[in-house]
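The values are calculated or read from the model by the stated rules, or taken from the named source; none is laboratory data. Everything numeric in this text was worked out from a predicted model, so none of it was measured. Backbone-built Cβ (ideal geometry, glycine too); neighbour counts: all protein chains shown.
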Amino acid sequence: MARWMKWSVCSLTALACLTGTAGYGKAYEISEKLSVGGTMAGAYQYRILADEIPDFENIGRGGAAFQPEVSFRPTDKDMFFMKLGFGAGNALKQIDPEKPSFALSPWAADLEDDVRNINGRGRDYLLAAWYKRAFDFAEDHSLGITGGIIDATDYVDENAYANDEFTQFMNEALSNGPNVFAPSYDIGGALEWEFGAFSVKGVAMGVGENEDGYTYNYYAAQLGYHPKTGLGEGNYRVIFATTTKDFLDPEQEKKEARKATLLSFDQELGEIFGARIRFGWGDEGPVLVWKNLYSGGIDIKGNWWNREKDNIGIGYGHLSRGNQDIDKTHVFETYYRLVFNEILSATADVQYMKDDYHEGDNRKGWILGVRVTAEF
């Protein structure tokens, strides 16, 4: 048995046993001010090609991630938070040039190579470490200010049905918008203002290194509307993002800024169904694999078949108009998530991906996967 599989199976089995005695919950409170929690997940995926392509083979790989976190609240207005990340294996991510893969990662989790030398900083395993101060002006009016090592996707590009690669869609095009380039795990600050059904969020980050080897700054703003109607809860967000001019253009001659606009909507449709969309448009200045993203899908709650905590997710994404070798990419994913208790769940996942190239062989095929997740 591979090292990653031994690590994940043993750890998840131990945690599953603990659920029988530790009770239910997503965090363990050591005291009124201190709590610990985290996520542990392991997955195995197998790639089946639709056509024979030289040096491109059917292959199975696995990976596992362990992300413990600690929060300390000295007062009801202040919070210190830290999250670590450890990985074993890299699943089917495109990291081995001798075994080429699809352009999109079929599992967007932070795995073994992702948690080392994060953003070129020489920092391993420390994903987040920040302080947040909250200001409450009224029952439905608040302001939060956060600073430290943060993850931009905690504040922008949220979605109720497509935002968590550990419990929802696994493919990176459906868990977030890859053409909006929101960075993770670097120095920055965030502002969160909520007033009734409206919200405004802003993020500013200094990122150690991009794919061209340059340090850059990232800025994003998100405007949100969160109504509650007879259909249920809805979230409608518009995100604007940009960077400093530190990304090479396609001719590798000058540096350009990245810019993008994204719509991220999700809406409950009664007690069983939910729907979501993500539409994103980028700027053609720097090197881009894809400029535009159009994705959507539905969520089906398990109370339809008397499994209240279970759900089915169905999603499709179309990415296009980049300035590299790929003309467009299609991804379809569906999953069934079986929830055992408040901690442990298992997911059966099926993906179909197709990369259409301007020249050369297109790549298309299926990714069959199983994921086990423990949230504690």
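So is Thr167 free of Cβ contacts under 8 Å to residues at least 60 places away in the same chain, surrounded by fewer than 23 Cβ atoms within 10 Å (Cβ to Cβ) and not aromatic (Phe, Trp, Tyr) or not? Spelling it out, it is not the case that Thr167 is free of Cβ contacts under 8 Å to residues at least 60 places away in the same chain, surrounded by fewer than 23 Cβ atoms within 10 Å (Cβ to Cβ) and not aromatic (Phe, Trp, Tyr). Residues in segment 319-342 that are hydroxyl-bearing (Ser, Thr, Tyr) and free of Cβ contacts under 8 Å to residues at least 40 places away in the same chain: Ser320, Thr334, Tyr336. Number of residues in segment 110-127 that are surrounded by 18 or more Cβ atoms within 10 Å (Cβ to Cβ) and assigned to a loop (DSSP other than H, G, I, E, B): the value is 3. Per the listing Trp107, Trp130, the residue uniquely surrounded by fewer than 23 Cβ atoms within 10 Å (Cβ to Cβ) and of a type in the set (Phe, Trp, Tyr) is Trp130. When segment 188-206 is filtered for residues that are of a type in the set (A, V, I, L, M, F, W, C), without any contact (Cβ under 8 Å) to a residue 40 or more places away in the chain and either in contact with a helix residue (DSSP H, G or I) (Cβ under 7 Å, 6 or more places away or on another chain) or surrounded by 17 or more Cβ atoms within 10 Å (Cβ to Cβ) (or both), only Ala204 remains.
Note on segment 250-355: enclosed strands (runs of 3 or more DSSP E) holding 2 or more residues that are farther than 24 Å from Gly42 by Cα and among the aromatic types (Phe, Trp, Tyr) are 273-282, 290-301.
Taking (1) touching a Phe, Trp or Tyr at 6+ places or on another chain (Cβ under 7 Å); (2) of a type outside the set (Gly, Ala, Ser); (3) surrounded by fewer than 16 Cβ atoms within 10 Å (Cβ to Cβ) in turn, Tyr357 satisfies each apart from (1). Within segment 230-249, the residues that satisfy the criterion of being in contact with a strand residue (DSSP E or B) (Cβ under 6 Å, 6 or more places away or on another chain) and part of a loop (DSSP other than H, G, I, E, B) are Leu231, Thr244, Lys245, Asp246, Asp249. Does Phe240 satisfy the condition of being free of Cβ contacts under 8 Å to residues at least 40 places away in the same chain, within 30 Å of Gly122 (Cα to Cα) and within 19 Å of the chain's Cα centre (by Cα)? So Phe240 fits the description; yes. Could you tell me which residue of segment 176-219 is farthest from the chain's Cα centre (by Cα), considering only residues that are within 30 Å of Glu139 (Cα to Cα) and in a loop (DSSP other than H, G, I, E, B)? Among residues in segment 176-219 that are within 30 Å of Glu139 (Cα to Cα) and in a loop (DSSP other than H, G, I, E, B), the one farthest from the chain's Cα centre (by Cα) is Gly196. All but one of (1) under 23 Å from Ser345 (Cβ atoms); (2) modelled with pLDDT under 90 hold for Ser35, so report the exception by its number. Result: Ser35 passes all but (2). Applying the condition of being touching a Phe, Trp or Tyr at 6+ places or on another chain (Cβ under 6 Å) and among the hydrophobic types (A, V, I, L, M, F, W, C) to segment 264-286 and asking which residue is farthest from Asp299 (Cα to Cα) yields Phe279.
The set of residues from segment 40-65 being assigned to a strand (DSSP E or B) and either surrounded by fewer than 21 Cβ atoms within 10 Å (Cβ to Cβ) or over 24 Å from the mean Cα position of the chain (by Cα) (or both) comprises Tyr46, Ile48, Leu49, Ile53, Phe56, Ile59, Gly60.
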